[in-house]
Amino acid sequence: MPTVAEALRQFAPAYLQQHADSISVAEDKVLGAITRCRTGALGGVHYQCGGCGIDHWVGRSCGNRHCPNCGHQRTQAWIETQAAKLMPVHHFLVTFTVPREVGLVLRVHQRDGYRCLFDASSQSIRDVGSATKSLKGCQLGFFGVLHTWGRDPAVYHPHVHYVVPGGGVKLDEQGNAESWQSTPKNFLFHHGTLIRTYKAKLADELRAAGLYAQIDLEAWTKDFVVDIQPVGHGVP
């Protein structure tokens, strides 16, 4: 099976040429690092066996955190760190996506666009959670991860995955933690309410960032895909 580096060495030049106007310096740097990783273009290390005298030459790794070869250990360490933070309760995976018209603008304005996506989606979880019967008076905690691709790595598809515990910390009138209040194992929020709230908040965030006017108005007539899935204990 071809590696990611081999695929990029074959297809990245055409991709860079096709998207020359939207590729950032950081993205260009990542592609350059991965395509040169362990090829010798970054130098190499020479080994010689003390017993048989056979020489071995190994190309240096790029060390980029996005490289599947170099970043694997860091990725595993991050996963283990996040898993250690999970509480012994049931969890939900909540995913927020955007229509293609919005995604095109996020691609060009990634720093501001991704911030808008994170702020709108996280605020939606908090606001809808505080209005949900099983979570009233509770403080929620969760973490999210940005993905910029889907099943097809050639298609730009920005979305955020949140791991949300099925419950919250019940607060007293002074705001002090009182107890843990659990949600049903198969229900976190009302799906339709979360979508409507997210859609409105994303529009507000994009307006504040000066990006709203760049989006085709037809995008706001489309369905925004927000998914809520129970995932049990939440450990990968």
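The values are calculated or read from the model by the stated rules, or taken from the named source; none is laboratory data. Here the structure is a predicted model, which is why all the values come from computation and not from measurement. Note: ideal-geometry Cβ built from the backbone for every residue, glycine included; neighbour counts use all protein chains shown. With ligands, DNA and RNA removed, areas are computed over all heavy atoms of the protein, side chains included. Shrake-Rupley method; radii C 1.70, N 1.55, O 1.52, S 1.80 Å.
Just one of the numbered conditions (1) in contact with a Ser or Thr (Cβ under 9 Å, 6 or more places away or on another chain); (2) among the small types (Gly, Ala, Ser); (3) in a helix (DSSP H, G or I); (4) over 30 Å from Val225 (Cα atoms) is not true of Gly103: (4).
When the residues of the range 131-161 are filtered to those that are within 28 Å of Thr81 (Cβ to Cβ) and out of contact with any strand residue (DSSP E or B) (no Cβ under 7 Å at 6 or more places or on another chain), the one that is least open to solvent (accessible area, probe 1.4 Å) is Pro153. Of all residues in the range 9-30, those that are closer than 16 Å to Val155 by Cβ and surrounded by 11 or more Cβ atoms within 10 Å (Cβ to Cβ) total 7. Taking the listed residues Val225, Val169, the one that is assigned by the TED database to the domain that holds Ser124, farther than 20 Å from Gly141 by Cα and touching a Ser or Thr at 6+ places or on another chain (Cβ under 8 Å) is Val225, with no other qualifying. Residues that are closer than 30 Å to Pro13 by Cβ and not aliphatic (A, V, I, L, M) within the range 136-173 comprise His147, Thr148, Trp149, Gly150, Arg151, Asp152, Pro153, Tyr156, His157, Pro158, His159, listed in sequence order. Flag not set for Lys201, criterion: closer than 29 Å to Leu86 by Cα and either part of a strand (DSSP E or B) or outside the structural domain of Gln139 (by the TED database) (or both).
The residue pairs whose first member lies in the range 93-109 and is within 17 Å of Glu218 (Cβ to Cβ), whose second member is open to solvent by 20 Å² or more (accessible area, probe 1.4 Å) and in a helix (DSSP H, G or I), and whose beta carbons are closer than 8 Å, counting only pairs six or more residues apart or on different chains, are Glu101/Glu218; Val105/Gln214; Leu106/Tyr114.
Quick check: anything in the range 185-194 assigned by the TED database to the domain that holds Ile125, in contact with a Leu (Cβ under 8 Å, 6 or more places away or on another chain) and closer than 28 Å to Leu93 by Cβ? Scanning the range 185-194, I find no residue that is assigned by the TED database to the domain that holds Ile125, in contact with a Leu (Cβ under 8 Å, 6 or more places away or on another chain) and closer than 28 Å to Leu93 by Cβ, so the answer is no.
Just one of the listed residues (Cys62, Cys49, Cys37) is open to solvent by less than 60 Å² (accessible area, probe 1.4 Å), at pLDDT 85 or above and either over 28 Å from His109 (Cβ atoms) or aromatic (Phe, Trp, Tyr) (or both), and it is Cys37.
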